[in-house]
1. Pick out the one residue from Leu115, Leu149, Leu134 that is closer than 26 Å to Gly198 by Cβ, open to solvent by 10 Å² or more (accessible area, probe 1.4 Å) and more than 19 Å from the chain's Cα centre (by Cα).
2. Taking segment 2-25, which residues are modelled with pLDDT of 90 or more and touching a helix residue (DSSP H, G or I) at 6+ places or on another chain (Cβ under 8 Å)?
3. Hey, any hits in segment 204-214 for a residue that's surrounded by 19 or more Cβ atoms within 10 Å (Cβ to Cβ), under 19 Å from Glu153 (Cα atoms) and touching a helix residue (DSSP H, G or I) at 6+ places or on another chain (Cβ under 8 Å)?
4. Restricting to segment 153-175, what's the tally of residues that are at pLDDT below 95 and either on the phi > 0 side of the Ramachandran plot or not aliphatic (A, V, I, L, M) (or both)?
5. How many residues does segment 35-48 contain that are under 16 Å from Leu95 (Cα atoms) and either part of a loop (DSSP other than H, G, I, E, B) or within 12 Å of ligand 1 (Cβ to nearest atom) (or both)?
6. Please go through segment 134-175 and give me each residue that is part of a helix (DSSP H, G or I), more than 25 Å from Leu49 (Cα to Cα) and among the polar types (S, T, N, Q), ordered by number.
7. In segment 52-92, what residues are open to solvent by 10 Å² or more (accessible area, probe 1.4 Å) and under 20 Å from Val242 (Cβ atoms)?
8. For segment 129-147, indicate whether the set of residues that are in contact with a strand residue (DSSP E or B) (Cβ under 8 Å, 6 or more places away or on another chain) and closer than 23 Å to Val46 by Cα is non-empty.
Amino acid sequence: MSQITSAVQAAGEGSAFLEVRHLSAGYDSASQVLFDLSFTIRAHQVTTLLGRNGMGKTTTIRCLMGLLRAREGEILLGGRHLEHAPAYVVARCGLGLVPEGRQVFPRLSVEENLLVASRSDFGSHWTLETVYALFPRLLERRLQGSATLSGGEQQMLAIGRALMTNPQLLILDEATEGLAPLIRQQIWKALSALKQQGLSILIVDKNLDALQTFADQHLVLEKGRLVWSGDAQAFMQQRQEVQRYIGL
Ligand SMILES: Nc1ncnc2c1ncn2[C@@H]1O[C@H](COP(=O)(O)OP(=O)(O)O)[C@@H](O)[C@H]1O
Ligand SMILES: [Mg+2]
């Protein structure tokens, strides 16, 4: 068992799982996007990352995934420093990403998309069988080219693909963006089932009603800075203030 697995498994409900300390990042030397971000994601909890468009949510996720190098600060997973780790190392550490825009491999079938992602470093719960049980629609479409799927089906596939890595933390960037209401409901239902199973989740979405019932902790970004954070109760009590930040 790896050092990280044991650290995470030793971590009980609500204990620190991923720690971000004083994170700063940007894309070119002339501009900075993230400023001194610090937050903790707790084991077996759902954490949201909220904010209007362009506030730095995707950039934060890119830093966590090792897709963008932090300029300053630390990213710690189970005590291990990841701020300089390349993306393939981060993926092996148990962070599974459902990226903005889904980005499934269009030339591969549904099943091939799932199989290429398959990893078992952190367990073997997620297989074709368990992913198809979560999303029966993918079973119906298993031999179809992914480019022929609807947006909702592609999102199911993107979630299934991330699960096939048997992640410790599932990160969803715009979980239900652009999807029809019925498909959104199916995605929320699946995510609730994943939460019930104890998976830690970091989620970006604009549907505050769904997030209010689903999430344990909320983080709000404005211009790359953390301007509000709180638990589910604080979110409910201060929702108007949060909505002002988010512009909803
Ligand atoms: N690849 C990129 N190159 C340069 N700037 C970028 C790039 N991606 C995003 N940005 C800028 O970084 C800021 C934050 O963007 P992003 O993290 O995508 O926001 P969000 O996900 O909250 O909508 C924006 O000002 C955006 O224009
Ligand atoms: Mg984004």
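1. Numbers: Leu149 fails: closer than 26 Å to Gly198 by Cβ; Leu134 fails: more than 19 Å from the chain's Cα centre (by Cα).
The conditions single out Leu115.
2. Within segment 2-25, Leu18, Val20, Leu23, Ala25 meet the criteria.
3. yes
4. Of the residues in segment 153-175, 4 are at pLDDT below 95 and either on the phi > 0 side of the Ramachandran plot or not aliphatic (A, V, I, L, M) (or both).
5. 3
6. Ser146, Thr148
7. Arg52, Asn53, Gly54, Met55, Lys57, Thr58 - these are the residues of segment 52-92 that are open to solvent by 10 Å² or more (accessible area, probe 1.4 Å) and under 20 Å from Val242 (Cβ atoms).
8. no
The values are calculated or read from the model by the stated rules, or taken from the named source; none is laboratory data. If you're wondering where the values come from, they're calculated on a predicted model, not measured in any experiment. With ideal geometry, Cβ positions are generated from the backbone for all residues, glycine too; neighbour counts draw on all protein chains shown. Each accessible area value is taken on the protein alone, full model and side chains, heavy atoms only, with ligands, DNA and RNA left out. Shrake-Rupley method; radii C 1.70, N 1.55, O 1.52, S 1.80 Å.
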